[in-house]
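Student: Attaching a single structure in structure tokens format; questions to follow.
The values are calculated or read from the model by the stated rules, or taken from the named source; none is laboratory data. The structure presented is a predicted model; accordingly, all values stated were derived computationally and were not measured. As a convention, Cβ positions derive from the backbone with ideal geometry for all residues, glycine included, and neighbour counts pool all protein chains shown. With ligands, DNA and RNA removed, areas are computed over all heavy atoms of the protein, side chains included. Shrake-Rupley method; radii C 1.70, N 1.55, O 1.52, S 1.80 Å.
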Amino acid sequence: MTTGYNFAYLDEQTKRMIRRALLKAVAIPGHQVPFGGREMPLPYGWGTGGIQVTAAVLGQHDVLKVIDQGADDTTNAVSIRRFFARTAGVATTTVTTEASIIQTRHRIPETPLRAGQIIVYQVPLPEPLSKLEPSRAEAARMHALAEYGLMHVKLYEDITRFGHVSISYDYPVMVNGRHLMSPSPIPAFDNPKLHMSPALQLFGAGREKRLYAIPPWTEVRSLDFDDHPFRLTRAPHECGLCGADDSYLDEVVTDDQGSRLYVCSDTDYCATRREAGHGG
Amino acid sequence: MADDTLLAARGLSLAFGRVQALAGVDADLWPGEVLAIVGESGSGKTTLLDVLSGRLRPDAGVAWYRDPDGALHDVHAMPQPKLRALHRSDWGFVRQNPRDALRLGVTAGGNVGERLMAQGNRHYGGIRDVAENWLHRVEIDTARMDDLPRTFSGGMLQRLQIARTLVTHPRLVFMDEPIGGLDVSVQARLLDLIRTLVAQLGIAVVLVTHDLSVARLLAHRIMVMQRGRVVESGLTDQVLDDPHHPYTQLLVSSVLQA
């Protein structure tokens, strides 16, 4: 553990401030709570919000897992994992079931989360209405009054133009039947995992300085129309490495002859299946 | 106020600094009635419309609105969520420039359907059917339903705004110069359309216009405003054929006889 830094990099008063904001966020599921975001030693857009939330909730006996697009071995994931190993001296893992805190960008692990785990999402754009309503004040008013008809206008337009809702990631959800929420840029494929999750889900947006949360066992519904229900989209293939037909797949171009390999984006899930004898 | 008045105002006053925009204005509106507010520019017509619809708060005076259940509400004491809900359902607002009211990046059908979705309608096919029916009623070719409003002409945009406003069957619609800024032939057609729809649906309208011929065609009653005061009011034909107040006489005599 590197000396010269407080435990988990941030000073205790900052962590206390973030924890206060998190308590408020948990109390009002899906509601965005402003917080005093600090400068972190990584650029905005790389997970400054998530890393602050992780720093605030991390304890000495926690086991940390960090994933980026489902993978444990990408730059962002490796760097953040090493950051906390050095500044907090906590144990790290790549195994979903062993982790007590999982910081994630763009995915929810395929392995179902359990009670007691915390998942921290890195959020670039916390405001689901930002693309529809340019005024921040007006968007806040719409949240306050639960006026979310505009979001359905966007879905209506999608169905009219494309025959289906074309939002493939960051698919808006209603949390606890009250607040419209951006689930961060996870694929719509992962949206059902938000619903009634036994784990605590925390969201941090560093540049926008907003936190929000979904407490365990909270209802999370993806927006849809009665006659155009929300449906999962997934590449119609099996994983080329582990043969899984139920996981979210990455498409990898393997040569210049048009060959492609579809593999699980969740590296831990794929490795666990291969160890168990599955193959593509 | 009488038992069946839809909207009633007593003693509305509002000053912007030294400018007295409204000075003790009384008004009554009954269900299904069209009330025109006329006067020169700067006479307080639009301010009165904004105050009656709750967009502006008066310095003094009160405006009452009777909801479909017969209960009275003080427009300016209503909680904001309730007032906003009212503006989405039982009330409508037609602006002079349809580009201020429409979403130009959303298809015509989506524009008409927005109020339905805001009210909680979650059936795509149902919303489309209603929107299609309304486009037909305002004489927009239903083949244009999935086109963006920015490809529409000025007259079509205004008709689209009317469809978008009337889709929830409001009982009270505020109109601010609804046919201003359009060329004369389009004006005539739009006037005809508004008159037909208002009569068919039995909507009460507060209509602001500087054009006396519009008032004569559409309105049952008329209020003439000058410098924030109502100088004369009464049945439209009565006021326009036999104006008593010198200012009304001036207005009527200044219209070119076709």
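Student: Before we go on, tell me the buried accessible area for the B/A pair, both chains summed, 1.4 Å probe, in Å² to the nearest 100.
Tutor: 1800
Student: Give, to the nearest whole percent, the P(r) tail of segment A:122-186 beyond 13 angstrom, counting all Cα pairs.
Tutor: For segment A:122-186, the fraction of Cα-Cα distances above 13 Å is 65 percent.
Student: Pairwise over distinct Cα atoms, reciprocal of the mean inverse distance: report the Kirkwood radius of the protein assembly as shown in Å, one decimal place.
Tutor: 27.0
Student: Further question on the same structure: What does the accessible area per residue of the protein assembly as shown come to in Å², with a 1.4 Å probe and no ligands, DNA or RNA counted?
Tutor: It amounts to 44 Å² per residue over the protein assembly as shown.
Student: Counting C-alpha atoms alone, how compact is segment A:9-78: give Rg to one decimal and Dmax as a whole number, in angstrom.
Tutor: Rg then Dmax for segment A:9-78, in Å: 13.1, 34.
Student: Quick check: Cα centre of segment A:110-134 to Cα centre of segment B:51-81, how many Å?
Tutor: About 41 Å separates the Cα centre of segment A:110-134 from the one of segment B:51-81.
Student: Evaluate the distance, in nm, between pseudo-label points positioned 7 Å from the Cα of A:TYR169 and of B:HIS220 along their respective Cα→Cβ axes.
Tutor: If labels sit at A:TYR169 and B:HIS220, their model points lie 5.9 nm apart.
Student: Which net charge results when you count Lys and Arg as +1 and Asp and Glu as -1 among the other residues whose beta-carbon is under 9 Å from that of B:ALA36?
Tutor: Residues close to B:ALA36 contribute a combined charge of +2.
Student: Something else: How big is the Kirkwood radius of chain B, worked out from every pair of different alpha carbons and given in Å to one decimal?
Tutor: 18.9
Student: Okay, moving on. Which one, A:VAL90, B:VAL184, A:TYR169, projects farthest toward the positive side of the charge dipole computed for the protein assembly as shown from Cβ point charges (K/R +1, D/E -1)?
Tutor: Towards the positive end, the residue furthest out is A:VAL90.
Student: OK, next. Nearest 500 deg cm²/dmol is fine: what mean residue ellipticity at 222 nm does chain B get from its DSSP H runs of n ≥ 4 alone, each adding -39,500 (n - 2.57), divided by its residue count?
Tutor: Mean residue ellipticity at 222 nm (helix-derived): -11000 deg cm²/dmol.
Student: Something else now. Which residues of segment A:156-173 show a drop of at least 10 Å² in accessible area when all protein chains are present, compared with their chain alone (probe radius 1.4 Å, heavy atoms only, ligands and nucleic acids excluded)?
Tutor: A:TYR156, A:GLU157, A:ILE159, A:THR160, A:ARG161
Student: Within straight cross-link reach of A:LYS65, meaning Cα distance under 19 Å, which lysines are found once same-chain residues fewer than 8 apart are removed?
Tutor: Result set, ordered by chain and number: A:LYS193.
Student: Moving to a separate point now. What's the average, rounded to a whole number, of partner chain beta-carbon atoms within 10 Å of each residue's beta-carbon in B:75-83?
Tutor: 1
Student: Rounded to the nearest 500, what is the 222 nm mean residue ellipticity of chain A from helices alone, with -39500 (n - 2.57) per DSSP H run of 4+ residues and division by all residues?
Tutor: Estimated from H runs of four or more residues: -8000 deg cm²/dmol.
Student: Continuing with the same structure: Summarise the accessible area of segment A:50-203 (1.4 Å probe, protein heavy atoms) by the percent that is carbon and sulfur.
Tutor: Carbon and sulfur atoms account for 55 percent of the accessible area of segment A:50-203.
Student: Rounded to the nearest 20 Debye, what is the dipole magnitude of segment A:93-197 about its Cα centre when Lys and Arg each give +1 and Asp and Glu each give -1 at the C-beta?
Tutor: In total the dipole reaches around 100 debye.
Student: Using a Gaussian network model of chain B whose springs link C-alpha atoms within less than 10 Å, name the residue from B:GLY120, B:GLY44, B:GLY202 with the highest mean-square fluctuation.
Tutor: Of B:GLY120, B:GLY44, B:GLY202, the Gaussian network model singles out B:GLY120 as fluctuating most.
Student: Lys and Arg at +1, Asp and Glu at -1: add these up for the other residues within a Cβ distance under 9 Å of A:SER182 and post the number.
Tutor: Overall, the nearby charge balance is -2.
Student: Follow-up question, since we're still on this one. Straight distance only, please: which aspartates and glutamates reach the Cα of A:LYS131 with their own Cα at less than 15 Å, same-chain residues fewer than 8 apart left out?
Tutor: Within the straight-line cut-off, A:LYS131 pairs with A:GLU157, A:ASP158, A:ASP170, A:GLU208.
Student: Where is the GNM fluctuation largest for chain A (alpha-carbon springs, 10 angstrom cutoff): A:PHE84, A:PHE162, A:PHE203?
Tutor: Greatest mean-square fluctuation among the candidates belongs to A:PHE162.
Student: Go through A:GLY258, A:GLY240, A:GLN201 and say which Cα lies farthest out towards the positive end of the charge dipole of segment A:195-263; charges sit on Cβ, +1 for Lys and Arg, -1 for Asp and Glu.
Tutor: The listed residue farthest towards the positive side: A:GLN201.
Student: Hey, could you pull the Cα Rg and Dmax for segment B:172-249, both in Å?
Tutor: Cα radius of gyration and Dmax of segment B:172-249 are 13.0, 36 Å respectively.
Student: How many angstrom lie between the Cα centre of segment B:116-163 and the Cα centre of segment A:37-53?
Tutor: Each part reduced to its Cα centre gives a spacing of 45 Å.
Student: Report, ordered by chain and residue number, the lysines lying within cross-link reach of A:LYS24, taken as a straight Cα distance under 16 Å and ignoring same-chain residues fewer than 8 apart.
Tutor: Straight-line reach from A:LYS24, under 16 Å: A:LYS15, A:LYS209.
Student: Highest GNM mean-square fluctuation, chain A, Cα pairs closer than 10 Å: which of A:ALA199, A:ALA91, A:ALA188?
Tutor: Sorting by GNM fluctuation, first place goes to A:ALA91.
Student: Of B:GLY32, B:PHE174, B:LEU217, which is farthest towards the positive pole of chain B's charge dipole, taken about the Cα centre with +1 and -1 on the beta-carbons of Lys, Arg and Asp, Glu respectively?
Tutor: Working it through, the farthest residue towards the positive pole turns out to be B:PHE174.
Student: How much of the pair distance distribution for segment B:82-163 lies past 20 Å, counting alpha-carbon pairs only, in percent?
Tutor: It works out to 28 percent of all Cα pairs.
Student: Counting only C-alpha contacts under 8 Å and six or more residues apart, can you give the relative contact order of segment B:4-98 as a whole percent?
Tutor: Relative contact order here is 27 percent.
Student: Okay, next question. Can you check what the net charge comes to around B:ALA9, using other residues whose Cβ is under 15 Å from the Cβ of B:ALA9 (Lys, Arg +1; Asp, Glu -1)?
Tutor: That works out to +1.
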